[in-house]
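Comments concern the structure below.
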Amino acid sequence: MSIRPSIPKSYSDYVRDNGLFEGFFGLDSDEGYIQMWATEEIPSINDEIEIDLSAPGLIAFASDGGGEYYTFDSMEKIFMIPAIGIEPEFALFIANSFPDLVSKFQGNRYRSHPKVLVPHQPN
């Protein structure tokens, strides 16, 4: 039985400092979309999707919102795999590391951000 990789510290630190990113990122000549998951939800989501059975050695941390998961391997490289019929042989390499992926994020679309201050709106 394969051991599920840990969530990289770079991911946890990013979420703590910036919140959850949802939006587009550049992939060379193509564009991808990502919806990051809260760090504390990742283990239970991976249990629900039974990633240990279908894609041992990977841990899912986000979705593209359309049937694909973003995963880390034990070396913290990022791959996209299909959500239906999860098969590691169909994994598509995305980035060498989470900081590498973050460098490709476009815009400022955050679903939650711990440092956002909402200005007072007069009535």
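Go through region 4-30 and report how many residues are closer than 20 Å to I94 by Cα and either touching a residue at least 40 places away in the same chain (Cβ under 8 Å) or in contact with a Leu (Cβ under 9 Å, 6 or more places away or on another chain) (or both).
Matching residues across region 4-30 total 16.
Of (1) modelled with pLDDT of 80 or more; (2) touching a strand residue (DSSP E or B) at 6+ places or on another chain (Cβ under 6 Å), R111 satisfies all except one. Which?
Among (1) modelled with pLDDT of 80 or more; (2) touching a strand residue (DSSP E or B) at 6+ places or on another chain (Cβ under 6 Å), the lone unmet condition for R111 is (1).
Consider G23 carefully, then state whether it is in contact with a strand residue (DSSP E or B) (Cβ under 6 Å, 6 or more places away or on another chain) and modelled with pLDDT under 95.
Values: in contact with a strand residue (DSSP E or B) (Cβ under 6 Å, 6 or more places away or on another chain): no; modelled with pLDDT under 95: yes.
So G23 does not fit the description; no.
Mind telling me which of the residues I7, I3 ends up being at pLDDT below 90 and part of a loop (DSSP other than H, G, I, E, B)?
Criteria check complete, one pass: I3.
Could you tell me which numbered condition D13 fails, if it satisfies all but one of (1) surrounded by 13 or more Cβ atoms within 10 Å (Cβ to Cβ); (2) outside any helix (DSSP H, G or I)?
(2)
Looking at (1) within 22 Å of E89 (Cβ to Cβ); (2) outside any helix (DSSP H, G or I); (3) not hydrophobic (A, V, I, L, M, F, W, C), find the lone condition where Y33 falls short.
Of the numbered conditions (1) within 22 Å of E89 (Cβ to Cβ); (2) outside any helix (DSSP H, G or I); (3) not hydrophobic (A, V, I, L, M, F, W, C), the odd one out for Y33 is (1).
Would region 31-38 turn up any residue that is modelled with pLDDT of 90 or more and among the aromatic types (F, W, Y)?
Residues of region 31-38 modelled with pLDDT of 90 or more: 33-38.
This time we only want the ones that are among the aromatic types (F, W, Y), so: 33, 37.
Within region 31-38 (the criterion being modelled with pLDDT of 90 or more and among the aromatic types (F, W, Y)), the answer is yes, since at least one residue qualifies.
What's the number of the condition E31 fails, among (1) surrounded by 12 or more Cβ atoms within 10 Å (Cβ to Cβ); (2) touching a Phe, Trp or Tyr at 6+ places or on another chain (Cβ under 8 Å); (3) not basic (K, R)?
Just one mismatch for E31, condition (1).
The values are calculated or read from the model by the stated rules, or taken from the named source; none is laboratory data. None of these values were measured; they are calculated from a predicted model. Note: ideal-geometry Cβ built from the backbone for every residue, glycine included; neighbour counts use all protein chains shown.
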